[in-house]
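Okay, so here's the structure we're looking at.
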Amino acid sequence: MANHSIPTHAVVFRTAKATADRLAFKDPILFKPNHQIDAGFPSVIIDDARTYQMIEGFGGSFTDASAETYYRLPAGRRAEILRNYFDPEKGIGYTLCKTHINSCDFSTESYAYDEVEGDVHLKHFSIARDKKHRIPFIKEALAAAGPGLKLFVTPWSPPAWMKTNNEMLHGGKLKPEYYPTWARYMARFIQEYEKAGIAVWGLTVQNEPMAAQMWESCIYTAEEERDFVRDFLGPVLHGLGLSRIKLMIWDYNRGIMYQWAKVVYSDPEAAKYIWGLGYHWYSGDHFENPRAVHEAFPEKRLLFTEGCVFPFDWNRIEDWHWGERYARSMIFDLNNWSVGWVDWNLLLDHTGGPNHVSNFCYAPVIADPRSGELHYMNSYYYIGHFSKFIRPGAMRIVCTSSDDDLLCTAFMNPDGKIAVVVLNATDGDIDFQVCYAGHTAETASLAHSIMTIVV
């Protein structure tokens, strides 16, 4: 994997507060021989002699809210959204996205695909509702992105009739007698989407399985999720020819992910069905916890599956820290073995919705359907510094910083180009040098900026 050619220069792209730079191409930086790095000068050191995880992709989520907002916009704006999210040259090249099974909080109402109580044979199962907005939106994105866009799917709740509290909201549990039905239901969703022309790459067992939310939710213990995968979901997927689906557990915050992983992965009969573990960011950072899971279970993957910033307030839409929150998490998650990073809603309207429980939040692109205008939050550009330049199949390489205020990560792409992302969330500019293969190139990280350096 090591690139033994001597670098002469690197291309720089930058987004910075108090400037017009938004993924802006800047003057190249030049390398010169320098085999002994100055310990007193801030340095970002990269080495492609050692590689770590391979990247699956970056992206966001096709929710009902995103799809309905999308189709409230004029055709020109819709084309702009597709280009700016999914085109790898003219946009930021999203390659890994998700959508929900049944409704979620970012739906205009709560619904299931089979609401006929006791229909264990799923005779009344139908995704007709999704064919109005969500499926067409996904198919347009697939056409814009090309064959490389992968989709995984996630349930927020089974139908009310399968649950102990007889509603999709406020937690409750899946009734044991409906374990086999619910497993077939998830598989049926995948089959129906694929009939509609949408291939499914992965599946998480349950969104946030320890959160009894006011919106769609369902509670599991680690043991219950383990048993459901081992005895029902795993065998159903394999029995229906869906063993290729990347099955993920947990799908909640980093806090107790190790304990959950240990319970599930310690059962070899459950673990054999599981590709990896998904996680979110909503309760503390705990950036070291994914690494602990990787070190204990290195054969299993890690994927950041949801994050967003909230509560929505139009008056704070220009706050610069929103994008920095994304980049900080992305750097730490990638450096701690995540194989990708997936944002929440791709698109929301000027209220931070629609949302049937008033759980409004931000998205990187905010649309005002009244005027047809689009607003790109700085988070769109910050995410783009990763998604545009770190492509599927890229391998993480060594990347270290000698300055605590410069956060960084680096990847070797399949085409041999190295992408180095450097974040400065402080109020001051920092002069630093990039060190690679016995050469250094001097540059500067502006205050509150992110830069991608392509070697």
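The values are calculated or read from the model by the stated rules, or taken from the named source; none is laboratory data. Predicted model only: the values in this text are computed from it and were never measured. Cβ sites come from the backbone with ideal geometry, for glycine too, and all protein chains shown count toward neighbours.
Among the residues of the range 97-133, which ones are among the basic types (Lys, Arg) and closer than 14 Å to ALA199 by Cα?
LYS98
Of the residues that make up the range 351-364, is at least one at pLDDT 95 or above, surrounded by 21 or more Cβ atoms within 10 Å (Cβ to Cβ) and within 22 Å of ILE430 (Cα to Cα)?
no
Filter the range 38-88 down to the residues that are closer than 25 Å to PRO290 by Cβ, among the hydrophobic types (A, V, I, L, M, F, W, C), more than 22 Å from the chain's Cα centre (by Cα) and surrounded by fewer than 21 Cβ atoms within 10 Å (Cβ to Cβ) and list them by number.
Once the filter is applied, which keeps residues that are closer than 25 Å to PRO290 by Cβ, among the hydrophobic types (A, V, I, L, M, F, W, C), more than 22 Å from the chain's Cα centre (by Cα) and surrounded by fewer than 21 Cβ atoms within 10 Å (Cβ to Cβ), the range 38-88 yields ILE45, ALA49.
Would you mind stating whether TYR282 is surrounded by fewer than 22 Cβ atoms within 10 Å (Cβ to Cβ) and under 24 Å from CYS308 (Cα atoms)?
Values: surrounded by fewer than 22 Cβ atoms within 10 Å (Cβ to Cβ): yes; under 24 Å from CYS308 (Cα atoms): yes.
The answer is yes for TYR282.
Is there any pair linking a residue in the range 157-169 that is loosely packed, with under 15 Cβ neighbours inside 10 Å to one that is modelled with pLDDT of 95 or more and among the hydrophobic types (A, V, I, L, M, F, W, C), with Cβ under 6 Å and at least six apart or on different chains, and which?
ASN166/ALA160
Restricted to the range 305-343, and to residues that are buried (at least 24 other Cβ atoms within 10 Å of the Cβ) and of a type in the set (Phe, Trp, Tyr), which residue is nearest to TYR362 (Cα to Cα)?
My answer is TYR326.
Restricting attention to the range 54-66, does a residue exist that is assigned to a loop (DSSP other than H, G, I, E, B), closer than 28 Å to HIS350 by Cβ and either touching a residue at least 24 places away in the same chain (Cβ under 8 Å) or aliphatic (A, V, I, L, M) (or both)?
Scanning the range 54-66 turns up at least one residue that is assigned to a loop (DSSP other than H, G, I, E, B), closer than 28 Å to HIS350 by Cβ and either touching a residue at least 24 places away in the same chain (Cβ under 8 Å) or aliphatic (A, V, I, L, M) (or both).
A quick yes/no check of all residues on (1) modelled with pLDDT under 95; (2) under 26 Å from the mean Cα position of the chain (by Cα); (3) in a strand (DSSP E or B):
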residue: VAL422; (1), (2), (3): no, yes, yes
residue: ASP427; (1), (2), (3): no, no, no
residue: GLN433; (1), (2), (3): no, no, yes
residue: THR440; (1), (2), (3): no, no, yes
residue: THR443; (1), (2), (3): no, no, yes
residue: ALA447; (1), (2), (3): no, no, no
residue: THR452; (1), (2), (3): no, yes, yes
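When you go through ILE366, ILE383 one by one, which is the residue that is in contact with a helix residue (DSSP H, G or I) (Cβ under 7 Å, 6 or more places away or on another chain), in the same structural domain as GLY93 (by TED's automatic domain parsing) and of a type in the set (A, V, I, L, M, F, W, C)?
ILE383
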